[in-house]
């Protein structure tokens with residue numbers, strides 16, 4: 001009886017994982033699309049009441065596999081990644097701390113409520129503000145779910161460039177911030193503190209319990225994120241149908257587009273994954289890939305809720321500095337894409 | 001009889017996961033009828049003092065008598081029961 005329960009606990013998430021991955025790969029390889037997005041004329045014909053529903057349903061049918069896969073992967077990572085080991089590496093080493101911060105950030109912060117505590121921990125523990133900022137910026141922009149979703153909805157190229165560029169920018173911004181006198185003052189404040197290392201004896205659990213826990217974490221993420229995604233998709237449907245394409249082609253392409261893309265993300269708080277849907281709609285309207293990239297990098301890095309949380313720990317001066325540098329970084333990434341890959345999505 | 005201190009370390013204001021963790025711990029203590037032996041403390045993970053004691057950890061975490069037992073996740077009810085029973089035994 002116990003064995004059967006254990007089997008089911010381990011089997012459910014694994015089976016869903018294989019199923020969604022299989023469908024995901026199959027639809028990529030064959031170009032299979034269950035339903036096409038309606039054209040702008042069709043959307044206008046639906047009228048403003050029906051449009052958001054049809055648009056949202058179309059999205060769910062198109063992207064269910066990518067979404068399921070993304071949420072399951074996030075659950076696996078959140079539950080199975082050796083957090084204890086990663087956290088102790090992150091707070092103890094100095095020279096490679098920047099690199100570790102970028103590499104571990106997406107693995108440690110599946111849920112945004114973990115991000116600021118780890119940031120605060122790194123600052124207070126005297127691990128250096130540079131790696132802490134790197135961590136803070138890399139986590140949302142290189143978010144595993146967002147990358148998978150970007151790859152499915154927009155393109156693999158944009159997803160990969162988004163990931164790599166976000167990591168490089170995070171390192172660059174963290175390093176520059178750490179060189180300022182503001183950062184040094186702050187570091188001096190916490191340098192002399194004696195930092196205890198927690199004694200950690202985690203409860204041991206069987207693999208099936210852990211897989212089941214990861215599945216529950218996926219479920220939790222779905223409950224937290226999906227309502228916002230659906231609401232976001234509904235709002236995006238209006239933009240897709242009613243924003244004149246001329247506006248997208250004239251403001252969201254070329255150099256102006258890159259700059260605007262990087263800057264709009266600052267005041268506009270888009271919940272995770274919604275930025276991808278928005279870009280996909282703007283892509284149909286004529287946004288250039290380099291502007292899209294700038295937006296996809298700049299937006300998540302400068303989210304207002306996280307900036308407010310961080311300002312309580314390091315003050316507004318440092319927050320403004322890192323946000324400005326992140327926007328510059330996003331513009332540079334957009335420019336680089338523009339010159340190297342041009343208009344290829 | 002010495003007291004068992006259970007610290008639930010989370011974000012302040014509490015995030016949903018931290019709230020859930022605190023709720024589970026409270027319910028278990030009530031169910032096991034050990035309210036007089038166990039003291040539950042809610043700690044803010046973003047405070048320098050908590051970091052000074054526990055270093056960099058992720059939320060929510062549960063510590064029993066200064067030892068972290070659950071790191072960065074919501075524990076199962078059965079787990080908390082096991083942890084608390086063990087703590088009571090070792091304290092005699």
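Structure notes:
- Cut-off 11 Å, label 7 Å out along Cα→Cβ of residue A:80, residues of region A:211-236 by amide N: A:211-212, A:214-215
- Region A:33-178: relative contact order in percent, alpha carbon pairs under 8 Å with at least 6 residues between: 24 percent
- Only helices enter the 222 nm calculation for chain B: every DSSP H run of n ≥ 4 contributes -39,500 (n - 2.57), and dividing by all residues gives -13000 deg cm²/dmol, rounded to 500.
- Residue-averaged [θ]222 nm for chain A, counting only DSSP H segments that reach four residues, each worth -39500 (n - 2.57): -26500 deg cm²/dmol
- Taking the longest Cα principal axis of chain B as reference, the axis of helix B:77-91 is set at about 60 degrees.
- Distance between the modelled labels on residue A:320 and residue A:304, one decimal in nanometres: 1.7 nm (7 Å Cα→Cβ projection).
- Each of A:71, A:11 was scored by other Cβ atoms within 10 Å of its Cβ. Listed from fewest to most, they are A:11, A:71.
- Site pair residue A:201 and residue A:99 shows an inter-label distance of 3.5 nm when each label is modelled 7 Å from Cα along Cα→Cβ.
- Mean separation of Cα contacts under 8 Å (6+ apart) over length of chain A, as relative contact order %: 20 percent
- Under a Gaussian network description of chain A, with springs only between Cα atoms under 10 Å, the residue in A:274, A:233, A:49 that fluctuates furthest is A:49.
- Residue A:284-residue A:19 FRET efficiency (beta carbon distance; Förster radius 22 Å; 0.05 resolution): 0.15
- The protein assembly as shown: C-alpha pair distances exceeding 28 Å, %: 53 percent
- For region A:2-240, convex hull volume per residue from C-alpha positions, Å³: 152 Å³
- Each peptide in A:334-344, A:134-144, A:234-244 was scored by the mean count of other Cβ atoms within 10 Å over its residues; highest first, the order is A:134-144, A:234-244, A:334-344.
- Dimensions of region B:4-91 from C-alpha coordinates, computed as largest minus smallest value along each principal axis and given longest first, are 32, 25, 19 Å.
- Of A:172, A:53, the sequence from fewest to most neighbouring Cβ atoms within 10 angstrom is A:53, A:172.
- Label zone at residue A:182 (point 7 Å along Cα-to-Cβ), backbone N below 14 Å, region A:253-287: none
- Förster radius 30 Å - calculated FRET efficiency between residue A:40 and residue A:343, Cβ distance, rounded to 0.05: 0.90
- Spin-label pair residue A:255-residue B:30: with each label point 7 Å from Cα along the Cα-Cβ axis, the two points sit 6.5 nm from one another.
- Using C-alpha pairs under 8 Å with a sequence gap of at least 6, the mean separation divided by the residue count of region B:4-91 gives a relative contact order of 39 percent.
- C-alpha long axis of helix B:16-31 to longest principal axis of chain B, angle in °: 10 degrees
- Region A:189-297: radius of gyration and largest Cα-Cα distance (Dmax), Å: 21.2, 60
- Alpha-carbon Rg/Rh ratio, for region A:65-177, with Rh computed the Kirkwood way: 0.98
- For B:59-68, mean number of other protein chain Cβ atoms within 10 Å: 4
Read-outs: derived from the displayed coordinates by stated rules, not from any lab. Computed from a predicted structure; not experimentally measured. Heads up, the Cβs are rebuilt from the backbone with ideal geometry, glycines too, and the neighbour counts pull from every protein chain shown.
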